[in-house]
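The values are calculated or read from the model by the stated rules, or taken from the named source; none is laboratory data. Source: prediction; values computed, not measured. Using ideal geometry, Cβ is built from the backbone for each residue, glycine included, and neighbour counts are taken over all protein chains shown. Ligands, DNA and RNA are stripped out before the accessible areas are found, and what is left, the full protein with its side chains, is counted by its heavy atoms. Shrake-Rupley method; radii C 1.70, N 1.55, O 1.52, S 1.80 Å.
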Amino acid sequence: MATPLKQQFPLPAQTLIRRGKCHDCGGPVQWLTSKSGAVYYNCYNSSAEGDPCQAHHRVGGRGSRDLRRAYLVASGEIQPVKIGKPADAQKSPVDGRNENQAPAPKKEAQTPPAAKNGGEYAEYGI
Ligand SMILES: [Zn+2]
């Protein structure tokens with residue numbers, strides 16, 4: 001069974017993944033990890049009039065996993081993994097060839113040419 005997304009590249013809760021801008025008000029926010037591993041931010045900025053933004057954004061399972069992995073790669077704790085072809089696919093296809101061949105096409109059956117003088121009913125005079 002595959003490892004659930006939440007358990008891939010685990011980080012402690014409240015880890016600062018990155019700093020960014022709030023999607024709603026544009027103010028600076030901190031992207032943090034939750035206890036379950038999800039990446040989120042809460043916006044505590046307020047407008048010039050003092051109205052609080054109170055935006056809350058939560059990244060989904062796959063996006064959170066990718067952000068945690070990118071954080072670990074950027075911090076040097078893990079190495080990025082190159083995804084290559086399987087070992088079998090790197091072999092030349094000629095090496096895997098066997099002696100089997102497609103059957104030769106059948107020759108057209110030789111049909112006797114129709115009699116030029118009369119047909120199959122010639123004996124009846126038709
Ligand atoms: Zn905001």
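What to note about this one:
- Accessible surface, per residue, of the stretch 11-74 when the full set of protein chains is kept, probe 1.4 Å, Å²: 62 Å²
- Value of relative contact order over the stretch 11-74, rounded to a whole percent, pairs C-alpha under 8 Å and six or more apart: 27 percent
- Ranked by how many other beta carbons lie within 10 Å on average, peptides 61-73, 11-23 from highest: 61-73, 11-23
- Charge tally around A2: other residues with Cβ under 13 Å, Lys/Arg +1 each, Asp/Glu -1 each, net +3.
- Protein accessible area in the stretch 1-57, 1.4 Å probe - carbon and sulfur %: 53 percent
- Qualifying lysines (Cα of each under 29 Å from Cα of K85; at least 8 residues distant if same chain): K6
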